[in-house]
1. Out of all the residues in the range 109-141, which are among the hydrophobic types (A, V, I, L, M, F, W, C), more than 21 Å from Asp232 (Cβ to Cβ) and open to solvent by less than 60 Å² (accessible area, probe 1.4 Å)?
2. Considering Ala33, Ala37, Ala69, which residue is farther than 27 Å from Glu338 by Cβ and at pLDDT 50 or above?
3. State yes or no: is Val262 over 30 Å from Val116 (Cβ atoms), in a loop (DSSP other than H, G, I, E, B) and either in contact with a Leu (Cβ under 7 Å, 6 or more places away or on another chain) or aliphatic (A, V, I, L, M) (or both)?
4. Out of the residues in the range 129-165 that are at pLDDT 80 or above and acidic (Asp, Glu), state the one that is farthest from Arg192 (Cα to Cα).
5. Can you confirm whether Pro227 is modelled with pLDDT of 85 or more, touching a strand residue (DSSP E or B) at 6+ places or on another chain (Cβ under 9 Å) and open to solvent by 70 Å² or more (accessible area, probe 1.4 Å)?
6. Residues of the range 213-259 being part of a strand (DSSP E or B) and under 21 Å from Leu85 (Cβ atoms), which ones?
7. Among (1) among the aliphatic types (A, V, I, L, M); (2) modelled with pLDDT of 75 or more; (3) over 25 Å from Trp308 (Cβ atoms), which single condition is Val116 missing?
8. Just checking, how many residues over the range 77-106 are farther than 30 Å from Gly375 by Cα, aliphatic (A, V, I, L, M) and touching a Leu at 6+ places or on another chain (Cβ under 7 Å)?
Amino acid sequence: MDKKLMVVAVATLALGIGIGSMWTADSSIDAHADEAAEHADHAEHAEEGAAQEEHAEEGQVTLSAEQIAVAGIQLAEARAQSISLGLPFPGEVRFDEDRTAHVVPRVPGVVESVPVNLGQSVKKGQLLAVIASQQISEQRSEQAAAQRRLALARTTYEREKKLWQDKISAEQDFLQARQALEEAEIALSNARQKISVLSGSVVATGGNRYELRAPFDGVVVEKHLTPGEVVDETSNAFTLSDLSRVWVTFGVSPKDLTRVQVGKPVTISAPELNAEVVGSVAYVGSLLGEQTRTATVRVTLENPQGAWRPGLFVTALVATDSRQARVAVPETAIQTVEDKPTVFVRTEGGFKAQAVELGSRAAGQVEVTQGLEAGVQVATAGSFVLKSELGKASAEHAH
């Protein structure tokens, strides 16, 4: 009986020791798990802090005032202003047809000399070509003969008049002499008119030659004559144009014609030239083109430097209305960052990239509908430098 009790006691003691050991092991595992979770939590908070710090620095470009000056970055204030609304049309620069002439020979002949070249600037009256023509010789001979006949008829008339007044000859002889004089005067006038058709851009020089001369100051934009070439009245010898003034033409559909009227301001821009000029609508066509179904609109531009060359494609922005924009900045302040229009706002340490939404554009100004408040300073000229610096900073963070 005592042995059984001893066995039970020993078993109970062993069981208690095992349970205690298991409880101690479990407690150790839980403690290690809690410690690992605490470390992970600290790491997570540290990463969040770093991310927040990096996010805070995102879009910032640090530059000193001296660096800004060296980079040539200029500032402008975002402010409220009136923005003109307009309709853009693709257009083309053309010759001013009121100052473009097609110089042609007035009579058939053979080209003897052409002292001007294609693209050369010429002055009014400058020699363009010398042409020899048999017809010119015949017309001059006819005129000379008419002058001699007139002189003879006038002498006969004076003699017959005196004889009739002295009652020596009959009145009939006097009347015949007067009729012959009148016919001689008509013949000379006719001969002179034939020669006069060579006036203007053509000057007779004597013999069988005549000269083609420039009718006004301009540029030789076409030349189709060479020495020895046979020409006639249908030959287009030269085309001269005064390029100090050009036309810009574009087509307008019927639905927009009510908003495009003579006198409306038009802004002509050419990206290839990085140039912009303001003109006004000078002409609106009354008919629609058979192919385009649009009316031709014309703007006349002064072109003293010759930069606006015929054939150049341009954009014509016709002003249709205007309204007050809450915030507007120069177009040079707008840069594209991550496919979004962006401005660089001046800060104490440099600049901050600010994404914005844009509205109307006119006369070098663009409306900002969202993302910018009036009164802040933004970078204009040289803002592309800030875009480049921001790109470098992003690349470094990526690495």
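1. Kept after step one, since they are among the hydrophobic types (A, V, I, L, M, F, W, C), are these residues of the range 109-141: 110-111, 114, 116, 118, 122, 127-132, 136.
Now restrict to residues that are more than 21 Å from Asp232 (Cβ to Cβ): 118, 122.
The answer is Val122, and nothing else.
2. Working: Ala33 fails: at pLDDT 50 or above; Ala37 fails: at pLDDT 50 or above.
Result: Ala69 is the single residue among Ala33, Ala37, Ala69 that is farther than 27 Å from Glu338 by Cβ and at pLDDT 50 or above.
3. On the way: over 30 Å from Val116 (Cβ atoms): yes; in a loop (DSSP other than H, G, I, E, B): yes; either in contact with a Leu (Cβ under 7 Å, 6 or more places away or on another chain) or aliphatic (A, V, I, L, M) (or both): yes.
When the stated conditions are applied, Val262 passes them.
4. Per the stated criteria, the residue is Glu160.
5. On the way: modelled with pLDDT of 85 or more: yes; touching a strand residue (DSSP E or B) at 6+ places or on another chain (Cβ under 9 Å): yes; open to solvent by 70 Å² or more (accessible area, probe 1.4 Å): yes.
Yes, satisfied.
6. The first filter runs over the range 213-259 and keeps only residues part of a strand (DSSP E or B), leaving 213, 218-223, 230-231, 238-241, 245-252.
Of everything in the range 213-259, those that are part of a strand (DSSP E or B) and under 21 Å from Leu85 (Cβ atoms) turn out to be Val248, Phe250, Gly251, Val252.
7. (3)
8. Residues in the range 77-106 being farther than 30 Å from Gly375 by Cα, aliphatic (A, V, I, L, M) and touching a Leu at 6+ places or on another chain (Cβ under 7 Å): 3 in total.
The values are calculated or read from the model by the stated rules, or taken from the named source; none is laboratory data. Nothing here was measured: the structure is a model prediction, and the numbers come from that model. All Cβ positions, glycine included, derive from the backbone under ideal geometry; neighbour counts span all protein chains shown. Note: areas computed on protein heavy atoms with side chains; ligands, DNA, RNA excluded. Shrake-Rupley method; radii C 1.70, N 1.55, O 1.52, S 1.80 Å.
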